Amino acid sequence: MALTGSAPAKAILFGEHAVVYGYPAIALPLPDLRAYAEYQSSDQPLSITSDHKPPPSISSSPAVADLSDPLGAMARHTLRYFGICQARGRIHIRSHIPVASGLGSGAAVSAALGRAIAAMLGRELAKADLNALVYEVEKLHHGSPSGIDNSVVVYEKPVYFQKECRLDFLAIPTPLHLVVADTGLAALTRETVAHVRQLRANQPETANAILRQIGSIAERARSHLESGEARRLGDLMARNHRLLQALELSSPVLDRLFGAALSAGALGAKLSGGGRGGNIIALVDESTSANVERALWLAGAQQVFKSTLYGKATSP
């Protein structure tokens with residue numbers, strides 16, 4: 001019988017880019033959009049294949065693993081965590097999460113892989129420890145990640161996140177219905193983070209003022225999220241999107257999808273993640289969901305996903 005690990009996608013609801021500079025951000029798991037890692041026994045050295053890229057095949061020996069390969073790095077970190085140098089078998093990764101789209105594909109694949117290796121070994125991997133391992137691999141994807149992606153993906157709970165602060169999990173009293181529209185354009189977070197860093201260097205007063213406003217929106221959004229005030233939450237999403245536009249992080253296709261979602265009755269919408277490509281997330285209710293989906297397809301979305309998040313307790 002195959003052993004499988006899985007992890008969800010994530011969406012930044014508020015605070016992307018500002019979170020890098022110490023402001024708060026809110027991120028949500030997308031439980032209906034997942035990555036899976038399936039283990040099967042074999043007498044051969046551990047190999048990992050993936051639907052998303054040319055299949056890397058690695059030995060579990062740290063001396064052989066490619067340090068620059070995120071899959072190899074995650075396997076190596078996880079095996080070392082358990083004090084193991086060699087393992088045998090095959091792990092295949094399949095994921096419904098678009099790559100380089102701001103939905104946390106890298107973190108989800110790493111988390112799923114770590115869980116599959118733990119299952120392969122018949123061992124327990126605590127969420128806090130898995131979170132730390134995935135964060136190390138996130139550095140290969142993003143350079144200087146905030147840590148928000150791995151936290152949401154591993155714990156699979158809404159997070160109010162601020163660097164150097166304790167993880168704060170949020171309880172949501174009513175379901176959140178989200179529609180995600182993927183532009184099909186790769187969005188490398190490393191590049192957009194570098195752009196904001198350069199903007200701060202060239203125009204510090206303007207850039208820092210915008211980042212402060214984004215952080216302030218995230219603070220206000222928390223209370224609306226926890227009290228179930230979806231319409232107010234939607235208004236803040238649109239405001240956040242316009243601030244990201246001011247940081248030159250949107251694009252014509254993102255703006256077109258943003259406008260299409262609002263015109264079709266979405267409560268709010270915004271780009272989510274690094275920007276320039278990636279995706280738009282729209283907050284909808286059950287009565288507007290179908291209209292918003294149709295409008296996003298017509299506006300040029302390459303993929304459209306629905307995900308509903310149900311609130312959970314605030315403990316890790």
Value of relative contact order over the stretch 222-316, rounded to a whole percent, pairs C-alpha under 8 Å and six or more apart: 24
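With the Cα gyration tensor of the stretch 242-292 giving a ≥ b ≥ c as the square roots of its eigenvalues, does the rule (a/c under 1.5 for rounded; else a/b larger than b/c for prolate; else oblate) give rounded, prolate or oblate?
Values: a/c = 2.39, a/b = 2.28, b/c = 1.05.
Because a/c hits 1.5 or more and a/b exceeds b/c, the stretch 242-292 counts as prolate.
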For the stretch 180-316, size of Cβ-based charge dipole, Lys and Arg +1, Asp and Glu -1, in debye: 220
Within-12-Å neighbourhood charge of ARG222 [Cβ basis; K, R +1; D, E -1]: -2
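Taking the highest mean first, how do the peptides 177-183, 104-110, 302-308, 154-160 order by number of other beta carbon atoms within 10 angstrom per residue? Before the final figure, lay out the partial values.
Working: 177-183: 24.9, 104-110: 29.7, 302-308: 16.7, 154-160: 23.1.
Averaged packing, sorted descending, gives the order 104-110, 177-183, 154-160, 302-308.
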Computed over the chain: relative contact order in percent, which uses C-alpha pairs under 8 Å that are six or more apart: 23
Centre separation in Å (Cα based) which lies between the stretch 145-187 and the stretch 204-248: 15
Label point at ARG166 placed 7 Å out along Cα→Cβ; residues across the stretch 119-142 whose backbone nitrogen lies under 16 Å: 128
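Take peptides 211-220, 198-207 and line them up by average Cβ neighbours within 10 Å, highest first, as a rough protection proxy. Walk me through the numbers before you get to the answer.
On the way: 211-220: 18.8, 198-207: 13.0.
Top of the packing list down: 211-220, 198-207.
Is the stretch 213-298 rounded, prolate or oblate when judged by the Cα gyration tensor, a ≥ b ≥ c being the square roots of its eigenvalues, rounded requiring a/c under 1.5 and prolate requiring a/b larger than b/c?
Details: a/c = 2.41, a/b = 1.05, b/c = 2.30.
Verdict is oblate for the stretch 213-298.
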12 Å beta-carbon shell around THR308, net charge (K/R +1, D/E -1): -2
Under the span-like rule (Cα at least 18 Å along the axis, Kyte-Doolittle mean at least 0.5), DSSP H helices of the chain: 105-121
Alpha-carbon centroid distance for the pair the stretch 3-31 / the stretch 76-138, whole angstrom: 17
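Share of the stretch 187-261's accessible area from carbon and sulfur, percent, 1.4 Å? Don't skip to the end; give the middle numbers.
Numbers: 1700 of 3650 Å².
Carbon and sulfur: 47 percent of the exposed surface of the stretch 187-261.
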Global form of the stretch 188-227, assessed from the alpha-carbon gyration tensor, a/c cut-off 1.5: oblate
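Just add up the charged neighbours of ALA37: K/R +1, D/E -1, any other residue whose Cβ is under 12 Å from the Cβ of ALA37.
+2
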Mean Cβ neighbour count within 10 Å, used as a protection proxy, ranking 128-137, 39-48 highest first: 128-137, 39-48
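The values are calculated or read from the model by the stated rules, or taken from the named source; none is laboratory data. Just so it is clear, the model here is predicted, and its values are computed rather than measured. Glycine also receives a Cβ, built like all others from the backbone with ideal geometry; neighbour counts cover every protein chain displayed. For the accessible areas, the whole protein counts, side chains as well, though only heavy atoms, and no ligand, DNA or RNA atoms are used. Shrake-Rupley method; radii C 1.70, N 1.55, O 1.52, S 1.80 Å.
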